[in-house]
Amino acid sequence: MRILFVSPYPPSRIRVRGYGLLSQLQAKHEVTIAAQCASEQEQADVEALRKQGFEVVVVDESKRQAAMRSGMAALSALPLQVAYARSARFTRAVQQLCAQRAFDVVHVEHLRGIASMGPLFETQPLVWDAVDCISLLSKHTMTAGPSASVRAVARFELKRTQRYEASMLEVLSHVVVTSERDRQAMIDLRRLHGADATSSDEALGSGIHVLPNGVDLDYFHPLSQEKQPLNLVFSGKMSYHANVATALYLSQQIMPLIWQRRPEATLTIVGSKPPKVIQNMASDARVTVTGYVDDLRSYVGRAQVMLSPMVYSVGIQNKVLEAMALGTPVVVAAQAAEALSARAGRDLLTAETAQEFAQETLRLLEDGALRDTLSQCGRAYVERHHDWNIVTDQLIDIYERAIDAFSRKTFQGSRRGGN
């Protein structure tokens, strides 16, 4: 199969979903990547992909011009992040690729990716991997964002993003999200914006597929390193507002409860671009804020417990799956755990309040047998349910449906034209 994989950024081990899918697709299919690139780090990610044998067509973007597009959109009905990513140069580059070669299917990742792909909707078999329902994320951010400015932007964006996502669902027949919660949010959008409100969820959800994230099980595997006693870890891209909100919640509300009983416990925050408010957490000698690291496995692998008390989230938390694959016991927010089919108490532990998070963490720190059970069962769960090989096979099935539907539509159109 000849696949054009369109992304608003170069996939990498940090942007793990596209990277994981591409790593598997490359083994059996002919894959071309088209990506926007706006920084030196993204240029390095492109070179890494090329060294792995990928053909990557790059459109260099100016962050200044993208910000100007976003600013101008404030006076329109377009979501700011759609305007930020929408690039005429990127559109032309992808159109030229499709004119020069016959791709069997075009895969477009994220809301920002689909922003530039309108001209392809009727001309190519297309699968949109929305990943998450972004308007659902905006809704959560409105009330729980880490700052007044973040909450204000989310409030400004909500209705715009709802309308835009709903419009995409009306014109795109094959859409992918990472969890059932995101799928249901997409169905609700269709009902609120234009679709027949009396239609069933089954009818409105036709063509919206759940495709979970996977884990590179060879890369993320239990490491032969000593555990650091009483060390807790939280990981994630720290420029992402939901991770900032969670790190603050962890530091301000959960850790003080843990320190009351275990004052020698330590916390490691691992992730790139931590803002000043996160960097300041390291003023406590028991807290380490790493910033960007080339390889987070050693930090997560040596911790006795991974904490993921997400204040708000959508989709599937990769950090949780990767920790489980490394054999590190996890305590995760109950709402975030709903995106998984893992069994609480066997594969991971769940909590809702700061008090519950502290209690479950302390229980793990003091119970080596429980840590061993979660370590073994967590790894086994990921092997059963989040192997990229299995996930990619499911994606290929969605590709084939999209190709078949496009072929039938094209044939019917040619017959009408002939008559």
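Quick notes on this one:
- Of the solvent-accessible surface of region 43-195, computed with a 1.4 Å probe and all protein chains present, 55% belongs to carbon and sulfur.
- Solvent accessible area, Å² - Lys63, 1.4 Å probe, full protein context: 110
- Note on the chain: with a GNM built from Cα contacts shorter than 10 Å, the maximum mean-square fluctuation among Glu30, Glu352, Glu40 falls on Glu40.
- Cα-based reach from Lys51 at 28 Å (exclusive), listing lysines while leaving out same-chain residues under 8 positions away: Lys28, Lys63, Lys237, Lys273, Lys319
- Computed extension length for Ser39-Asn389: 122.9 nm, one decimal, from 0.36 nm per residue of separation with the Cα-Cα distance subtracted.
- Choice from Arg363, Arg408, Arg13 with maximal GNM fluctuation in the chain (Cα, 10 Å cutoff): Arg408
- Cα-based equivalent ellipsoid of region 1-70: semi-axis lengths in Å, sorted from largest, via gyration tensor: 23, 12, 10
- For Val277, solvent-accessible area (1.4 Å; no DNA, RNA or ligand), Å²: 70
- Accessible area per residue, Å², the chain with all protein chains present, probe 1.4 Å: 44
- Heavy atoms of Ser12: accessible area, 1.4 Å probe, square angstrom to 10: 10
- Debye equation applied to the C-alpha atoms of region 222-345, log10 I(q)/I(0) at 0.17 Å⁻¹: -0.85
- Heavy-atom accessible surface of region 301-410: percent carbon and sulfur, 1.4 Å: 43
- Label-reachable residues, region 153-189, where backbone N falls under 20 Å from a point 7 Å from Thr198's Cα toward its Cβ: 188-189
- Distance between the pseudo-spin-label points of Ser149 and Gln253 (7 Å out from Cα toward the beta carbon): 2.4 nm.
- Treating r as the C-beta distance of Asp397 and Gln96 and R0 as 22 Å, the FRET efficiency rounds to 0.15.
- Contour minus Cα-Cα distance for Gln228 and Val293 (0.36 nm per residue): 21.6 nm
- Principal axis box of region 159-255, alpha-carbon based, largest edge first, Å: 57, 35, 21
- Across region 145-172, the residues whose backbone nitrogen lies under 17 Å from the label position 7 Å along the beta-carbon direction of Asn280 are 146-150.
- Surface share of carbon and sulfur [accessible, 1.4 angstrom probe, percent] for region 252-295: 48
- The chain - mean residue ellipticity at 222 nm from DSSP helices (-39,500 (n - 2.57) per run, n ≥ 4, rounded to 500): -15500 deg cm²/dmol
The values are calculated or read from the model by the stated rules, or taken from the named source; none is laboratory data. Since the model is a prediction, treat every value here as computed from it, not as a measurement. Note that we place each Cβ from the backbone using ideal geometry, even for glycine, and neighbour counts take in every protein chain shown. Quick note on the areas: whole protein, heavy atoms, side chains included, nothing else; ligands and nucleic acids left out. Shrake-Rupley method; radii C 1.70, N 1.55, O 1.52, S 1.80 Å.
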